[in-house]
1. For A:K16, give me every one of the lysines with a C-alpha distance below 16 angstrom, ignoring sequence neighbours fewer than eight places off in its own chain.
2. What gaps in nm, shortest first, separate B:R22 from its twins in the other copies when you place the label 7 Å past Cα toward the beta carbon?
3. Give me the angle, in degrees from 0 to 90, between the Cα long axis of helix A:39-52 and the longest principal axis of the Cα atoms of chain A, rounded to the nearest 10.
4. Rounding to the nearest 10 and keeping the result within 0 to 90°, find how far the Cα-based axis of helix A:14-24 lies from the longest principal axis of chain A.
5. Would you mind working out the magnitude of the charge dipole of chain A relative to its Cα centre, with +1 at each Lys and Arg C-beta and -1 at each Asp and Glu C-beta, to the nearest 20 Debye?
6. When you look at the Cβ of every residue in A:63-73, what mean number of other chain Cβ atoms sits within 10 Å?
7. What do you reckon, how do A:Y24, A:Y71 stack up by accessible area (1.4 Å probe), largest on top?
8. How high is the relative contact order of the stretch B:1-77, given as a whole-number percent (alpha carbon pairs under 8 Å, six or more residues apart)?
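The values are calculated or read from the model by the stated rules, or taken from the named source; none is laboratory data. Just so it is clear, the structure is predicted and the values come from calculations on it, not from any experiment. Ideal geometry is used to build each Cβ from the backbone, glycine not excepted, and the neighbour counts take in all protein chains shown. With ligands, DNA and RNA removed, areas are computed over all heavy atoms of the protein, side chains included. Shrake-Rupley method; radii C 1.70, N 1.55, O 1.52, S 1.80 Å.
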2 protein chains.
Amino acid sequence: MFIILYYDVNQKRCNKMLKVCRKYLQWVQNSVFEGEISNANYERLVHEIKQIIKKEEGDSVIIYRFKMMYYSKREVLGNDKKEDITFI
Amino acid sequence: MFIILYYDVNQKRCNKMLKVCRKYLQWVQNSVFEGEISNANYERLVHEIKQIIKKEEGDSVIIYRFKMMYYSKREVLGNDKKEDITFI
């Protein structure tokens, strides 16, 4: 599946979030990630995020999951800062 | 159609972007907006954004357009900061 993820977390936790998200997705811009991900990796990603965020301190993570992207279009105005896909 | 929009623009232009995006969409978190929008309003939004951003200074706006959201799911971890829909 394809997902779009964006987070708004306390400054103290930004680096940890960046590190976890980069393991599974491509960085697009400040606290925004995109990418194809397997169900198994999705579960891992969510599990790791839940270990980091603190709801009581206002942390927020929004994830859009798409079974298919057939009905969508990605448009860029200005520059596209999306990192190239890094093959591990 | 439903769109997800996120921008990464020079600090000087953030307020202008916030103001334009709020006219058509709901604020979700820092520089991230979502919402249903008509084709006509979508054209207006893009036109207004193009008047603001400066590609040569690295400004970036990513827009995902979805004809239908049937194959998607929105998941929230932590808090959902999405503004309620404001009826003008």
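1. Partners within reach: A:K50, A:K54, A:K55.
2. Listed shortest first, these distances are 3.4 nm.
3. Around 30 degrees separate the two axes.
4. 40 degrees
5. Details: 16 positive and 12 negative charges, 39 e Å.
Its charge dipole is roughly 180 debye.
6. Details: counts 5, 10, 5, 6, 4, 3, 4, 3, 10, 12, 7.
Taking all residues of A:63-73 together, the mean is 6.
7. On the way: A:Y24 40, A:Y71 65 Å².
From most accessible down to least: A:Y71, A:Y24.
8. Details: 92 pairs, mean separation 37.2, N = 77.
Reported as a whole number, the value is 48 percent.
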